[in-house]
Amino acid sequence: MTATLATLLGPDATAPSGAGGLAVTGLSSDSRAVKQGYVFAALPGSVADGAAFIPQAVQAGAIAVIARPGTAASVPVIASNNPRRLYARLAARFYGAQPDLVVAVTGTNGKTSVASFVREIWSFLGFRAASLGTIGVVSPAGTMELAHTTPDPAELHEIAAKLAEDHVDHLAIEASSHGLAQYRLDGLRLAAGGFTNLSRDHLDYHPSLEAYFDAKMRLFEELLPPGAAAVINTDGPYGAEVARRAAARGLRCLTVGRAGKDLTLLTAERDSFGQRLAVKGPSSRHDVLLPLVGDFQTANALVAAGLAIATGAEEELVFRALESLKGAKGRLDLVARGPAGAPVFVDYAHTPDALENAIVALRPYVKGRLAVVFGCGGDRDRGKRPLMGAIAARLADRAIVTDDNPRTEEAAKIRAEIMVACPGAREIGNRAEAIRTAVAELKAGDILLIAGKGHEEGQKIGKTIIPFSDHEAVRAAVAGADDHG
């Protein structure tokens, strides 16, 4: 695959004199991945400046560089005040093809579930559909893992092109705040965007909650073209403001939830580990047996239904599809039952709001005690550690504080910052041991929640990732408890 530099730049920039005809064979922002004929994007970063790696990229074969004005190099430099956005747009033009219909969803919690639900709804309707985000790329060809929720633009557009080549015509993508702030999604031809909720997260990266919210709003205020659909859960504190700003952009707003005007949740009643919903849709009322636990999954399902309906799916069929949803791995996932029949759930909850939602969702099903095993990640927002500890202390009957992904921080220090607000909890640093202990103590009527890592199959300790799965640890603990029962 090759294209001239002038073609890739399009209307966004002018090629340096004499460089427009250069044949480009690829793009990368990682100098180690550059090959002969590549354009190297020298992007400013929070840890290192890509401009420092221009000599290595040129030596590896880079024929041009995208960089901020004033950057010097021995090859032509395409100067841009926003090199990240320019890089993404070049990647979109280089790879070209995308699925016919692409939607994106943003918010603090629920992105993975909504993207998965949209894919499941579309598949139910007979489309070749895929989802892309935290759990990887899920398509008819299988699952491919990703390093980031929203990949680097070159990787993202290459994936989109490969999906289109594989005749995937519908794609639902998670739009993370990092991905939006760093312009990774620019160049995607989006038909609709969804908003789930907003609460504290990633304040190690964003300077304030307002800046975090503004990063999310790029989806609605910059990436979606006027006339596109915005599907918004208006039950949370930020929903009305999202709707106001989306409408000001000229988007077609559909609001969902108990306060939603387009998909209005009338009633929700528990039915085993599912819920019976009554929803007023644009055309008629729908009674749905949703096979998922928790108010937050109801909200996620309504956002997903709204995205499908807003992009042309038949309303009646969409609500029929909700009854067969399986959900994403590690999202309030019933993994096993203890020796006394006590259910053990694994959930990705790693923010205060998500942990509270997960515990509250399970509480109505508890006849005995509700236990939670959780921790917090290292090298991330320290402020949420006591908040999560306080939530576990207030809402759970038993809590074990353990290691999540300590990364380069001292694990014991992270646990101590949680324990300050959760003094009644036990501290067991080894995550597998913490899970074994919690499973062994389960009695009839109890429920155990393992929170924080969800679908992940590795634990980040220092700069090393060791194999670890909460799902496998739970199954091993249950098998061990059965053997000794």
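Quick check: anything in the stretch 376-389 among the basic types (Lys, Arg), at pLDDT 95 or above and either closer than 22 Å to residue 439 by Cα or over 24 Å from the mean Cα position of the chain (by Cα) (or both)? No; the residues of the stretch 376-389 include none that is among the basic types (Lys, Arg), at pLDDT 95 or above and either closer than 22 Å to residue 439 by Cα or over 24 Å from the mean Cα position of the chain (by Cα) (or both). Quick check: anything in the stretch 379-390 part of a loop (DSSP other than H, G, I, E, B) and among the hydrophobic types (A, V, I, L, M, F, W, C)? So far as the stretch 379-390 goes, no, none of its residues is part of a loop (DSSP other than H, G, I, E, B) and among the hydrophobic types (A, V, I, L, M, F, W, C).
Can we say residue 91 is of a type outside the set (Phe, Trp, Tyr), out of contact with any Pro (no Cβ under 6 Å at 6 or more places or on another chain), under 19 Å from residue 38 (Cβ atoms) and not assigned by TED's automatic domain parsing to the domain that holds residue 314? So residue 91 does not fit the description; no.
Within the stretch 338-357, is even one residue over 20 Å from residue 436 (Cα atoms), of a type in the set (Val, Ile, Thr), in contact with a helix residue (DSSP H, G or I) (Cβ under 7 Å, 6 or more places away or on another chain) and in contact (Cβ under 8 Å) with a residue 60 or more places away in the chain? Yes - at least one qualifying residue is present in the stretch 338-357. One residue alone among 39, 47, 65, 24 is in contact (Cβ under 8 Å) with a residue 12 or more places away in the chain and more than 29 Å from residue 167 (Cα to Cα), and that residue is 65. Among the residues of the stretch 436-457, those identified as over 13 Å from residue 401 (Cβ atoms), of a type in the set (A, V, I, L, M) and part of a helix (DSSP H, G or I) are 439, 440. Just one residue in the set 233, 300 is of a type in the set (S, T, N, Q), in contact with a strand residue (DSSP E or B) (Cβ under 6 Å, 6 or more places away or on another chain) and crowded, with 16+ Cβ neighbours inside 10 Å; that residue is 233. All of (1) closer than 22 Å to residue 361 by Cα; (2) out of contact with any Leu (no Cβ under 8 Å at 6 or more places or on another chain); (3) surrounded by 17 or more Cβ atoms within 10 Å (Cβ to Cβ) hold for residue 392 with one exception: (2).
Inspection of the stretch 237-256 finds a residue satisfying the criterion of being of a type in the set (S, T, N, Q) and either crowded, with 21+ Cβ neighbours inside 10 Å or touching a residue at least 60 places away in the same chain (Cβ under 8 Å) (or both). Scanning the stretch 108-120 for residues that are of a type outside the set (D, E, K, R), out of contact with any helix residue (DSSP H, G or I) (no Cβ under 6 Å at 6 or more places or on another chain) and either within 20 Å of residue 170 (Cα to Cα) or modelled with pLDDT of 95 or more (or both) yields 112, 115, 116.
Those strands (runs of 3 or more DSSP E) of the stretch 249-312 that lie entirely within it include none in which at least 3 residues are modelled with pLDDT of 95 or more, of a type in the set (Lys, Arg) and closer than 25 Å to residue 106 by Cβ. Here the condition is being more than 21 Å from residue 182 (Cα to Cα), in contact (Cβ under 8 Å) with a residue 60 or more places away in the chain, in a loop (DSSP other than H, G, I, E, B) and outside the structural domain of residue 181 (by TED's automatic domain parsing); of 15, 19, it holds for 15 alone. What do you reckon, is residue 334 among the aliphatic types (A, V, I, L, M), surrounded by fewer than 24 Cβ atoms within 10 Å (Cβ to Cβ) and in a strand (DSSP E or B)? Yes, satisfied. The residues of the stretch 22-34 that are under 29 Å from the mean Cα position of the chain (by Cα) and assigned to a strand (DSSP E or B), listed by number, are 26, 27, 28.
The values are calculated or read from the model by the stated rules, or taken from the named source; none is laboratory data. Bear in mind that the values here come from a model prediction, so they are computed numbers and not experimental data. Note that we place each Cβ from the backbone using ideal geometry, even for glycine, and neighbour counts take in every protein chain shown.
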